[in-house]
Amino acid sequence: MKKEINNIADQFNINGELLNVECKNNGNINRTYIATYKMEDGSEKCFIIQKINTTVFKEPYKLMKNISNVTSFIEMKTQFCGDNIHPCLSVIKNKNNKLLVEVLDEKTGEKQYYRAYNCIENSISYDVSTDKQVVYNVGAAFGHFQRLLSDYDADDLETTIPDFHNTPKRFDNFMSDIELDVCDRSEEVSQEIITLLKYRGSKDKIVNLLKKGTIPVRVTHNDTKVNNVMMDKKTGDYLTVIDLDTVMPGSALYDYGDGVRSTCSTAAEDERDLSKVELNMELFTEYTKGYLSEMADYLTEDEVCNMGESIRVITFELALRFLNDYINGDTYFKTKYDKHNLVRARNQLKLLSDIDKKMPDINKFILETYRKYKHENKQLIKNK
Ligand SMILES: Nc1ncnc2c1ncn2[C@@H]1O[C@H](COP(=O)(O)OP(=O)(O)O)[C@@H](O)[C@H]1O
Ligand SMILES: [Mg+2]
């Protein structure tokens, strides 16, 4: 493997001599390597090489085109603003000017695809964090990402995973899978199904707003987790958003809702003790402050009015997806033990009921924070 990955690393357009390649094992989807080169000026420099998971991503060139377009746009904006605090992620092409290095797997006869990026230096990513400052920074990082892309024409991007956040469609599939009941599990989870159905009222909300044109189609990251933000090792501030595999046209609300859902729960997504699972309001306020500090001037009023709702919709969607996967025999999400998906579904249902209870407070805080940042930004412009 060592020889093979060295050979792959040599094919990228990097003007240096390859010194070493190390495998980094903390990603969930792709295999990530750090390659060190001795550059022409004698300095040592690291690059990231990733093997794309083609079981999840079927069309690697389409996905890379999205990433390349979005990263180039961000780089242009960042340079234009004279921002030298936030380093940009850049795709490094191969020596034939292609976005990927292709290798034929001799055992399976299938093609494997590798890409390279610059390494975000002196940075760290956290797999989980309950630190308020970190959560604020995650919200701000995804807000910053959306702000830079707020005038990017999202229709220019490929929809690499169709209906990714089409909650009503996912719901229809779920209902037919309960009927089909291929693993004879529907009866076992009848209580969970009843609980889920209680919340189905919100499932069409974002999709309908998009359909009617009430809210704009925007570039959406679609994987707004804490470990997809690189933070400055020294200051703790956010540097760059990474993991752009699921960048597609969508809604800002998908990213905000999923960011809060995944970052602000009091317990891991597969915690079995449901008494531990709640929406942590302190973390929610931090995430929201961070996000709106960047996005208050760029969101439409309809988007702002639906931010709270988006947390409920996305949590409903995840509960539904875990339960659906359990009913189907665990074919999509990786499971570590029997009933892992059922544990996750129960966990998300508990989170959903808590979010539902807290919705008035959630909405109140979002509106207050939005007004605060709008007002502050107006004052700033006035005093300039
Ligand atoms: N450009 C980069 N600079 C520094 N570290 C990176 C970079 N890209 C990825 N990493 C590190 O590798 C990990 C996995 O990368 P990621 O793109 O998120 O893959 P996955 O899709 O498998 O989650 C990240 O959490 C981060 O620690
Ligand atoms: Mg990742």
Positions within region 249-266 being crowded, with 22+ Cβ neighbours inside 10 Å, of a type outside the set (S, T, N, Q) and more than 15 Å from residue 134 (Cβ to Cβ), in sequence order: 250, 252, 253, 254, 255, 256, 257, 258, 261
How many residues, within region 314-345, are in a helix (DSSP H, G or I), surrounded by fewer than 24 Cβ atoms within 10 Å (Cβ to Cβ) and among the β-branched types (Val, Ile, Thr)? 1
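Okay, residues lined up against (1) within 15 Å of residue 351 (Cβ to Cβ); (2) surrounded by 20 or more Cβ atoms within 10 Å (Cβ to Cβ); (3) within 15 Å of ligand 1 (Cβ to nearest atom):
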{"position": "221", "(1), (2), (3)": "no, yes, yes"}
{"position": "241", "(1), (2), (3)": "no, yes, yes"}
{"position": "279", "(1), (2), (3)": "yes, yes, no"}
{"position": "282", "(1), (2), (3)": "no, no, no"}
{"position": "288", "(1), (2), (3)": "no, yes, no"}
Of the conditions (1) of a type outside the set (Gly, Ala, Ser); (2) crowded, with 19+ Cβ neighbours inside 10 Å; (3) farther than 18 Å from residue 219 by Cβ; (4) assigned by TED's automatic domain parsing to the domain that holds residue 9, residue 136 clears all except one; give me its number. (4)
Quick one: how many residues across region 76-109 are surrounded by 16 or more Cβ atoms within 10 Å (Cβ to Cβ) and more than 17 Å from residue 243 (Cβ to Cβ)? 6
Select from region 81-124 the residues that are out of contact with any helix residue (DSSP H, G or I) (no Cβ under 8 Å at 6 or more places or on another chain), outside any loop (DSSP other than H, G, I, E, B) and farther than 24 Å from residue 229 by Cβ and list them in ascending order. 94, 102, 104, 111, 112
Test of understanding: among 57, 73, 145, 164, which residue is in the same structural domain as residue 316 (by TED's automatic domain parsing) and buried (at least 17 other Cβ atoms within 10 Å of the Cβ)? 145
Checking residue 48 against (1) farther than 19 Å from residue 90 by Cβ; (2) in contact (Cβ under 8 Å) with a residue 60 or more places away in the chain, which test does it fail? (1)
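The values are calculated or read from the model by the stated rules, or taken from the named source; none is laboratory data. Model, not experiment: these values are computed from the prediction. Glycine also receives a Cβ, built like all others from the backbone with ideal geometry; neighbour counts cover every protein chain displayed.
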